[in-house]
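Everything on this sheet refers to the single structure shown next.
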Amino acid sequence: MGIASIVSGFSGKWRAITCSVMIGVALSSSLSANPAEWLREFSKTDFSRHTVDFTEIRSDGTERDSIPPILSPKFVAVSEISGMGALEPVISFAINGDARAYPLRILLWHELVNDTVGGLPVLISYCPLCNSAVVFERQVDGEALVFGNTGRLRHFDMVMYDLKTESWWQQFNGDAIIGELSGRRLKPVIAKIESFELFKATTPDGRVLVPNDPKARPYGTTPYVRMDSRDDKASRYPYTMPKGIQPLERVIVVGNEAWPLSLLADRRRIVTDKLILSWSEGQNSVHDTRWIPFGRDVGNVTVERYDGEDRRDALYDIIFAFAFAAFRPTGIWHLE
């Protein structure tokens, strides 16, 4: 299926977003950093305070909350879910016995979910352009913040904002990079990316996010068709990467270290002095076919950390290689 046929299925701002994703983020001077223009949308943001160079901030034509965050999430019991593929990916975690799953078929179109799980205010985030899925505690100085999408990118990663101070935050690591709260960091929550089938089998009493309005977006489809199988030129991603690693190759990131997903899939299990990484079949890519349930199998990953004699789930992310190179330029690559 060609780009034109994919894009024709969407309209308005979603067509603009799809075009920018499939053809490439435009980096023309007209879309470069312009704080004077940003003030029209973010009148409360203190642009005199920032920890990054404004020239690193880019726009793909979207504006504040063009990609609307979910502010009042709706859930149903896992046993009541129908119409979703068994191998579709979900972000899953549990707090104080409250287990939730957030399907990527929904997060593709909203990217942010403001929620409270087990009594803890949390932010579920997913950036399709770099495949980063991170859950954060959304409390700062004891106050729960609500987050939206600036419509801007840094290193192709979503830049978020909080409604109270309109400070700008990096989705990849939860750092506040512009505004009153610059220098602060959101605390990450341990979560998994797993198939709906696995979540249902291991968490039969869990709950699953469903659309507030099932007709609001073409849920179950993706505009990122064939994105993770394109042999994009490294020049599009001006970051230093090891020889043989493609920009859109998936890597498993734990702290300052990364392992190619293909390496783990080949070995199925990698053991270090601190970690156990495991892989199993059965999870659809959301960057392959238009209909997510038909996407190629990229598998499920678990990462555990030794804690004395015990093993506990570890913080990890599965992202495109260029994002690790961009945000962890001194990171350690494990290639064999």
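Here are the numbers for the structure shown:
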{"item": "Under Karplus coefficients 6.51, -1.76 and 1.60, residue-wise ³J(HN,Hα) of the range 137-147 in Hz, glycine/proline x", "result": "6, 9, 9, 10, 6, x, 10, 7, 8, 10, 10"}
{"item": "Residue-wise HN-Hα coupling along the range 284-293, computed from phi with Karplus coefficients 6.51, -1.76, 1.60 (Hz; x: Gly, Pro)", "result": "6, 6, 9, 10, 10, 8, 4, 8, 4, x"}
{"item": "Amide H contacts of R184 (H built 1.01 Å from N, under 5 Å, at least 5 apart or other chain)", "result": "A176"}
{"item": "For the range 69-221, the fraction of alpha-carbon pairs in successive 10 Å shells from zero, as %", "result": "11, 43, 34, 11, 1"}
{"item": "The chain - percent relative contact order, Cα under 8 Å, separation 6 or more", "result": "18"}
{"item": "Contact order normalised by residue count of the range 27-107, Cα under 8 Å, 6+ apart, percent", "result": "22"}
{"item": "Which listed pairs, of K192/K243; K74/K215; K192/K274; K74/K200, have C-alpha distances above 21 Å, in listed order", "result": "K192/K243"}
{"item": "√(5λ) per eigenvalue of the Cα gyration tensor, the range 227-333, largest first, Å", "result": "24, 19, 10"}
{"item": "Karplus-derived HN-Hα couplings along the range 101-111 (A = 6.51, B = -1.76, C = 1.60, θ = phi - 60°), whole Hz, x at Gly and Pro", "result": "10, 10, x, 5, 4, 9, 5, 3, 9, 10, 6"}
{"item": "Translational diffusion of the chain, µm² s⁻¹ [Kirkwood Rh, Cα pairs; Stokes-Einstein; 4 °C; 1.567 mPa s]", "result": "64"}
{"item": "Evaluated at q = 0.10, 0.17, 0.18 Å⁻¹: base-10 log I(q)/I(0), Debye formula over Cα of the range 155-305", "result": "-0.50, -1.41, -1.47"}
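Computed from the coordinates by the stated procedures, all read-outs in this text should not be read as laboratory data. All values reported here derive from a predicted model rather than from experimental measurement.
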